[in-house]
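Okay, structure first, notes after.
The values are calculated or read from the model by the stated rules, or taken from the named source; none is laboratory data. A quick note: this is a predicted structure, and the numbers were derived from the prediction, not measured. Cβ placement follows ideal geometry from the backbone for every residue including glycine, while neighbour counts extend to all protein chains displayed. The protein model used for the area step is the full one, side chains on, heavy atoms only, and it has no ligands, DNA or RNA in it. Shrake-Rupley method; radii C 1.70, N 1.55, O 1.52, S 1.80 Å.
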Amino acid sequence: MVIKVYIASSSGSTAIKKQQQDVLGFLEANKIEFEEKDIAANEENRKWMRENVPEDSRPASGNPLPPRLFNDSRYLGDYEAFFEARENNAVYAFLGLTAPPGSKVGVSISHSKP
């Protein structure tokens, strides 16, 4: 399973740049392996992303904008979905990954008796 983050290296939107940096920075800080796919520099990446964002996740007009996250070819969501998962300490579940031992989302309370 590979997390793929579709970004635009030459976006004119500061909001998109900030969202992309936020997603990539979080993944790097948490040592979550991912592939960065640039839709601005690679027409194949742009075409693939646009074709694989589900109809109900597309904007009312225009094309889906980055950042968009996939687990292999399974669509995970956009920045808002990622941000919500992060706020709820559910990023690993959102990404379809197993949380590493000791992570906030991997901690469970044990009530075993000695």
Residue match in the stretch 9-26 (condition: closer than 30 Å to Ser103 by Cβ, open to solvent by less than 30 Å² (accessible area, probe 1.4 Å), among the charged types (D, E, K, R) and touching a helix residue (DSSP H, G or I) at 6+ places or on another chain (Cβ under 9 Å)): no
Could you grab me the full set of residues in the stretch 29-56 that are assigned to a helix (DSSP H, G or I), loosely packed, with under 13 Cβ neighbours inside 10 Å and not basic (Lys, Arg)? Ala29, Glu43, Glu44, Glu51, Glu55, Asp56
Mind checking whether some residue in the stretch 34-46 is closer than 12 Å to Lys4 by Cα, of a type outside the set (Asp, Glu) and within 10 Å of the chain's Cα centre (by Cα)? yes
How many residues does the stretch 69-107 contain that are over 18 Å from Glu28 (Cβ atoms) and either assigned to a helix (DSSP H, G or I) or among the basic types (Lys, Arg) (or both)? 7
Taking the stretch 57-68 and keeping residues of a type in the set (Gly, Ala, Ser) and in a loop (DSSP other than H, G, I, E, B) leaves Ala60, Ser61, Gly62
Filter result (farther than 20 Å from Arg86 by Cα and of a type in the set (Val, Ile, Thr)) within the stretch 1-56: Thr14, Ile39, Val53
Looking only at the stretch 95-106, filter to residues that are within 19 Å of Gly77 (Cα to Cα) and open to solvent by less than 40 Å² (accessible area, probe 1.4 Å); which one of those is modelled with the lowest pLDDT? Ala99
Is it the case that some residue within the stretch 62-80 is over 15 Å from the mean Cα position of the chain (by Cα) and either farther than 17 Å from Ser10 by Cβ or surrounded by 13 or more Cβ atoms within 10 Å (Cβ to Cβ) (or both)? yes
When residues of the stretch 9-28 are filtered for being farther than 22 Å from Ser73 by Cα, in a loop (DSSP other than H, G, I, E, B) and polar (S, T, N, Q), how many remain? 3
Evaluate the stretch 81-89: report whether one residue or more is modelled with pLDDT of 95 or more and open to solvent by less than 30 Å² (accessible area, probe 1.4 Å). yes
